[in-house]
There are 2 protein chains.
Amino acid sequence: MGRNTLGTLEQAVMMVILALGDGAYGVAIRDELSRRTRREHTLGAVYTTLDRLTAKELLESYLGEPTPTRGGRAKRFFKLTGEGRQALDHAVNTRHELEYGLDLAGKGA
Amino acid sequence: MGRNTLGTLEQAVMMVILALGDGAYGVAIRDELSRRTRREHTLGAVYTTLDRLTAKELLESYLGEPTPTRGGRAKRFFKLTGEGRQALDHAVNTRHELEYGLDLAGKGA
DNA sequence: GCTATTTCTTCTACAAAGTAAGTTTATGGC
DNA sequence: GCCATAAACTTACTTTGTAGAAGAAATAGC
């Protein structure tokens, strides 16, 4: 995709990160994504998206505390950068204008 | 993009076709798209998308009357198939669930 | 202080979508 | 005929999306 549009998965991932607040790390993101999407996404898909968004500086990441549960590797948490927030808002607005006046399923209000 | 998700442009184009009703042909679609998106899209981008959606049987096309205007090649009009309508509705619903509970710009209602 | 187990991340190769920059076909008027 | 206009088509390329693993880190139990 040319310049600066966000793909559907990219947008979805960013929204899920917002929804998760703190606690947004790879596996959790995948799970919440599956929940909201009613669809399975592999971790591979999620992480590559995460990486690409980070490379574009729309996300930033930091490593979490030593794991509290059983075994496990250190979680990497993600959040939107200011730029990321802007990009998402822009995508949402664009969508809004596209949907304007149409009667679409799920547009109950 | 893997199996059956619609990309952002694909969704956008389908929405614009709905918005245009009859009168949805390449150039008109591009123009309406630019209007609603506040962004220029080349015809190349639009036509390749149109073709792909047609190939996936989400759109169907038919040729219009011999051109009424100045010069020009016969217009090709597009509309959603039943399957296309379904796919779009599904995309809209998914989006809905993703946005649920978030406070996003442009989500005024 | 090993080894199995759990939890999470990283890699790699490929398929699908998006874009740009042209080319082609068809009028109509001069 | 030649130029301008209006539309569609083509091609080569970049960016996103996906799958299916393999790789690391931490802990528990023994």
- Message: So A:Leu53 passes all but one of these: (1) in a helix (DSSP H, G or I); (2) within 10 Å of DNA strand D (Cβ to nearest atom); (3) within 14 Å of chain B (Cβ to nearest Cβ); (4) within 28 Å of B:Ala45 (Cα to Cα). Which condition number does it fail?
- Response: (3)
- Scan region B:15-33 and give yes if some residue there is within 10 Å of DNA strand C (Cβ to nearest atom), modelled with pLDDT of 95 or more and in contact with a helix residue (DSSP H, G or I) (Cβ under 6 Å, 6 or more places away or on another chain), otherwise no. yes
- Message: As an exercise: evaluate A:Arg70 against (1) under 22 Å from B:Tyr100 (Cβ atoms); (2) within 12 Å of DNA strand D (Cβ to nearest atom) and give the number of the one condition it does not meet.
- Response: (1)
- Note on the structure: Note on region B:1-44: residues surrounded by 12 or more Cβ atoms within 10 Å (Cβ to Cβ), within 8 Å of DNA strand D (Cβ to nearest atom) and within 11 Å of chain A (Cβ to nearest Cβ) are B:Thr5, B:Gly7, B:Thr8
- Please specify each residue of region B:1-40 satisfying the condition of being part of a helix (DSSP H, G or I) and basic (Lys, Arg). B:Arg30, B:Arg35, B:Arg36
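The values are calculated or read from the model by the stated rules, or taken from the named source; none is laboratory data. Everything numeric here is computed off the predicted structure, so don't read it as measured data. Here the Cβ is made from the backbone with ideal geometry for all residues, glycine too, and neighbour counts use every protein chain on show.
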